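**Q** Once you've had a glance at the structure underneath, I'll fire off some questions.
What follows draws every value from the coordinates through simple rules; no lab data is involved. What you see is a predicted model, and the numbers here were worked out from it, not measured in a lab. Neighbour counts run over all protein chains shown; Cβ positions are idealised from the backbone, glycine included.
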Amino acid sequence: MRWKGARRSGNVEDRRGQRATMGAAGSAPALLRLVPMLLRTKVGRVVLIGAVVAIIGGQMLGVDVLSVLMGVGGSRYQQAPQQQSTADREVVDFVSAVLADTEETWHAQFAGLGRHYREPKLVLFRGSVNSACGYATAAVGPFYCPGDQKLYLDLSFFQDLAVRHSAPGDFAQAYVIAHEVGHHVQTLLGISEQVRAAGRGRSEADVNALSVSQELQADCFAGLWGHVANKQRQLLDPGDLEEALQAAAAIGDDRLQREAGGRVVPDSFTHGSSQQRVHWFRVGFESGDFAACDTFAQDTR
């Protein structure tokens with residue numbers, strides 16, 4: 001990919017030097033529930049007054065005492081030492097460039113639909129992370145949280161993609177980012193909510209089928225971005241398309257089930273088979289047409 005001269009996004013949030021903590025979100029409400037109990041006794045009232053004085057004094061000194069009392073910090077993270085290699089810095093630079101290019105594409109696409117594109121944040125984390133969708137570890141892979149409209153990525157996934165799944169290359173990595181951006185597009189357009197509504201009261205197999213259609217559309221949107229990036233900004237090098245197709249095939253549900261040592265169960269698919277994922281990325285890449293990515297109107301099975 002020819003990305004080094006491209007614009008960088010200002011929407012990358014680096015949390016790799018922070019450690020997520022489970023259950024931190026409930027600390028503030030728990031603290032507030034203690035207030036009525038403290039007011040019932042003289043000692044409690046003294047403690048409460050002392051806490052208020054400490055909070056006010058801390059604010060004057062620029063210290064977030066309330067966060068210290070909750071034991072989690074304002075961002076619900078505990079700081080951990082961070083060292084970054086030259087290779088790490090280059091990967092972060094690459095991620096920022098890819099995200100910026102998706103912003104260019106989707107601003108134009110939304111304008112064509114008479115809509116405004118709201119750019120997502122991309123959160124880099126290491127090991128584990130808290131999001132509006134809950135606590136998650138790197139084992140879940142890259143994900144998008146509609147609750148806070150952020151993408152979450154542990155950069156170690158790129159190594160996993162290259163080594164474990166035999167899908168190396170910068171455009172393979174870009175495909176992963178563009179796919180998660182595709183979920184953001186679905187959220188902004190109300191598609192994700194429609195999928196959730198359609199799945200209520202349905203069987204597990206039906207819900208899985210809806211999930212597959214949604215994931216394949218995100219693949220198609222990723223391909224659409226690749227089409228525009230190549231046509232308008234000449235971002236791709238020879239062989240880049242093959243890298244993305246190899247990545248799409250590598251993370252198909254059928255292949256992952258085989259690699260896990262189990263049998264292939266199509267009714268349990270949530271992201272689509274390797275063949276499906278390759279097909280829908282190609283649809284987006286070859287057409288560059290938003291309307292062509294309506295996976296819900298077609299039989300994706």
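**Q** With θ taken as phi - 60° and the coefficients 6.51, -1.76 and 1.60, list the Karplus ³J(HN,Hα) couplings across region 86-102 in order, rounded to whole Hz; mark glycine and proline as x.
**A** 4, 5, 4, 4, 5, 5, 4, 4, 5, 4, 5, 5, 5, 4, 4, 5, 5
**Q** Another one. Suppose each label sits 7 Å from its Cα in the direction of the beta carbon; what would the TYR135-GLU242 distance come out to in nanometres?
**A** Spacing of the two 7 Å Cα→Cβ label points: 4.5 nm.
**Q** Taking H placed 1.01 Å from N in the peptide plane, check which residues at least 5 places from LEU236 or on another chain put their amide H under 5 Å from its amide H.
**A** Counting only residues 5 or more places away or on other chains, the set is ARG2.
**Q** How large is ³J(HN,Hα) for each residue in region 200-205, as worked out from phi by the Karplus curve 6.51 cos²θ - 1.76 cosθ + 1.60 (θ = phi - 60°), to whole Hz, x for Gly and Pro?
**A** Here the 3J(HN,Hα) series is 5, x, 8, 5, 4, 5 Hz.
**Q** Can I ask one more? Ranked highest first by average number of other Cβ atoms within 10 Å, how do 227-233, 187-193 line up?
**A** Packing order, densest peptide first, comes out as 227-233, 187-193.
**Q** Take peptides 107-119, 262-274 and line them up by average Cβ neighbours within 10 Å, highest first, as a rough protection proxy.
**A** Working: 107-119: 12.8, 262-274: 15.6.
Top to bottom by mean Cβ count within 10 Å: 262-274, 107-119.
**Q** Would you please give the residues with an amide H less than 5 Å from that of ASP14, counting only those at least 5 places away or on a separate chain, with H modeled from the backbone geometry?
**A** LEU124
**Q** If you average 1/r over all unlike Cα pairs in region 88-183 and invert the result, what Kirkwood radius do you get in angstrom?
**A** Radius from the Kirkwood sum: 14.1 Å.
**Q** Scan around LYS121 for amide H atoms under 5 Å from its own, H built in the peptide plane at 1.01 Å from N, and keep only partners 5 or more places away or cross-chain.
**A** Hits under the 5 Å cutoff: LEU151.
**Q** To continue, here is another question. Compute the FRET efficiency between ASP14 and GLU204 as 1/(1 + (r/R0)^6), taking r as their Cβ-Cβ distance and R0 = 35 Å, and round to the nearest 0.05. Provide the component values of the computation, followed by the final result.
**A** Values: r = 38 Å, r/R0 = 1.07.
Between ASP14 and GLU204 the formula returns 0.40.
**Q** At 0.36 nm per residue, and after removing the present C-alpha to C-alpha distance, how many nm does the segment from ALA87 to ARG115 gain when stretched out fully?
**A** Answer, rounded to one decimal: 6.3 nm.
**Q** Separate question: For region 118-124, in order, what is each residue's ³J(HN,Hα) by Karplus, 6.51 cos²θ - 1.76 cosθ + 1.60 with θ = phi - 60°, in whole Hz (x at glycine and Pro)?
**A** Running phi through 6.51 cos²θ - 1.76 cosθ + 1.60 with θ = phi - 60° gives 9, 5, x, 8, 10, 9, 8 Hz.
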